[in-house]
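Shown next, in structure tokens, is the structure this report addresses.
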Amino acid sequence: MTDRVPASGTVHWVGAGLSTGSGLAALCATADRVLLWHRTEDRAAEALAGLGLTGRAEPRALTGAGALDAAPAPGDVVVSMLPAPRHAGLLAACVRAGAHFACSSYVSPELSAEAERARAAGLVVLTEAGLDPGLDHLFAHSLIGRARARIGGHTPASYRLTSYCGGVPAVPNDFRYRFSWAPLGVLGALRSPARYLEDGAETVAGRPWEATRPLVLGGETFEAYPNRDSIPFIDQYELPAAWTPRTFVRGTLRLDGWLKAWQPVFEELTTGDDERIAALARELAAAHPTTEADRDRVVLSVSLDVDAGEGRTWTGAYLLDLTGDAGESAMARCVSRPLALGVRHILDGGLPAGLHRAARTAQRSDRWLAELADDGLEFTLTLGQ
């Protein structure tokens, strides 16, 4: 087995978009050296100034097809905040340089293939370590671990696990939404079928918004719908084989009234081709711009109910509900802080070589959640009787 490459203490944060926030500041306080790479050195310097990090991190310019000006040194950690399709190429460069890699995005087949090469080279590849995916994984693993301790992993039982996350406007608007990422990406996600379990049966929603239903959290009504493919996460979360899923869905959360407000958009999604959808994304961006005065809100709810029969039940739920402020958006806070925490554990040797999706065990998830809480990230855990 190849030994893990020791971390050098230097972090390259590549990209300074909407999800770069106070997590970068946390790394500046713990890493030996931090470099922020952006389109130009001036843009990188402006981003650092906006985060109050001038002089604490070094601005650098990205060149070419997104490669770093100079390859990172062995043991450096490269954090990719670039669009997901560019992760695999950057990871390949890291493998050639002997550098560790981290991002907040889902694992693509291309990224998975590069991650295997990284493992063989003794390198850590940390993925799905932001908000969704990221914090949702931590919440789920924590709940499953608690339920397993109470019910028993070998005891036959049925369960219901739901995980819903959404970025919404802090002050509701007529559109019932605030774009926290590219409109074309939002529309693309809505055009992708959703696969999940409901009432013990596999279900596919070709148009995810048609499966929208009310969801009450803390006395407030939201709207929630399934997103992507939930089924693989049953294995990823390592739920006990003796437990039978009745409901398993990971999805998106929106403000109450979103379904009605977006009906014209849904009509376009149903009939439009790729060219029309791209034009629609531009029209929506122009019609619903985000201003400096806007404040966003992130809501993440993960709940688990387990029934072993004869009155033996267990219920638990995590809820995160944060609003952005003038210094940082809620989205940036919720993506960058878990990612930065994961990078800190690469730096301190806490993660072995190979591919990681956030903290993949209940014990490690509870540790990460405790550390995030100490760092000021607020969320609540509710346990039933």
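A few remarks follow.
- Listed by first and then second residue, the pairs linking a residue in region 220-248 that is touching a residue at least 24 places away in the same chain (Cβ under 8 Å) to a residue that is of a type in the set (D, E, K, R) and loosely packed, with under 15 Cβ neighbours inside 10 Å, with Cβ atoms under 9 Å apart and 6 or more places separating them unless they lie on different chains, are GLU223/ARG213; ALA224/ARG213; TYR225/GLU210; TYR225/ARG213; ILE231/GLU202; ARG246/ASP199; THR247/ASP199.
- Whenever a residue of region 269-290 is within 21 Å of SER192 (Cβ to Cβ), its partners that are open to solvent by 20 Å² or more (accessible area, probe 1.4 Å) and among the acidic types (Asp, Glu), lying with C-beta atoms within less than 8 angstrom and at least six residues away or across chains, give the pairs ARG276/GLU268; ILE277/GLU268; LEU280/GLU268.
- The lone exception for LEU280 - which of (1) part of a helix (DSSP H, G or I); (2) open to solvent by 60 Å² or more (accessible area, probe 1.4 Å); (3) of a type outside the set (Val, Ile, Thr); (4) more than 30 Å from SER158 (Cα to Cα) it fails: (2)
- Selected residue [in contact (Cβ under 8 Å) with a residue 12 or more places away in the chain, more than 14 Å from LEU347 (Cβ to Cβ) and among the charged types (D, E, K, R)] from ARG60, ARG33, ARG4: ARG60
- Against the numbered list (1) modelled with pLDDT under 90; (2) open to solvent by 40 Å² or more (accessible area, probe 1.4 Å); (3) in the same structural domain as GLU114 (by the TED database), MET1 comes up short only at (3).
- The set of residues from region 31-44 being crowded, with 20+ Cβ neighbours inside 10 Å and assigned to a helix (DSSP H, G or I) comprises just one member, ALA44.
- Counted residues, region 107-154 - those being free of Cβ contacts under 8 Å to residues at least 60 places away in the same chain and either in contact with a helix residue (DSSP H, G or I) (Cβ under 7 Å, 6 or more places away or on another chain) or surrounded by 24 or more Cβ atoms within 10 Å (Cβ to Cβ) (or both): 5
- Scanning region 232-245 for residues that are under 25 Å from the mean Cα position of the chain (by Cα) and either open to solvent by 70 Å² or more (accessible area, probe 1.4 Å) or more than 20 Å from LEU143 (Cβ to Cβ) (or both) yields ASP235, GLU238.
- Failed item in (1) open to solvent by less than 60 Å² (accessible area, probe 1.4 Å); (2) more than 17 Å from ALA326 (Cβ to Cβ); (3) small (Gly, Ala, Ser), with SER22 passing the rest: (2)
- ASP199 fulfils the conditions (1) more than 30 Å from PHE101 (Cβ to Cβ); (2) free of Cβ contacts under 8 Å to residues at least 12 places away in the same chain except for a single criterion, (2).
Listed here are the residues, each with its yes/no results for (1) open to solvent by 40 Å² or more (accessible area, probe 1.4 Å); (2) assigned by the TED database to the domain that holds GLU110; (3) in a helix (DSSP H, G or I).
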residue	(1), (2), (3)
HIS345	no, no, yes
GLY349	yes, no, no
LEU355	yes, no, no
ASP366	yes, no, yes
ALA370	yes, no, yes
ALA373	yes, no, yes
LEU377	no, no, no
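- When ASP256, ASP305 are checked against the criterion of being closer than 30 Å to SER142 by Cα, out of contact with any Gly (no Cβ under 9 Å at 6 or more places or on another chain), modelled with pLDDT of 95 or more and open to solvent by 50 Å² or more (accessible area, probe 1.4 Å), ASP256 stands alone in meeting it.
- Here is the figure for region 1-30: residues that are in a strand (DSSP E or B) and β-branched (Val, Ile, Thr) total 3.
The values are calculated or read from the model by the stated rules, or taken from the named source; none is laboratory data. Not measured: the values here are computed from a predicted model. In this analysis, Cβ positions are derived from the backbone assuming ideal geometry, glycine residues included, and neighbour counts consider all displayed protein chains. All accessible areas refer to the heavy atoms of the entire protein, side chains included, with ligands and DNA or RNA removed. Shrake-Rupley method; radii C 1.70, N 1.55, O 1.52, S 1.80 Å.
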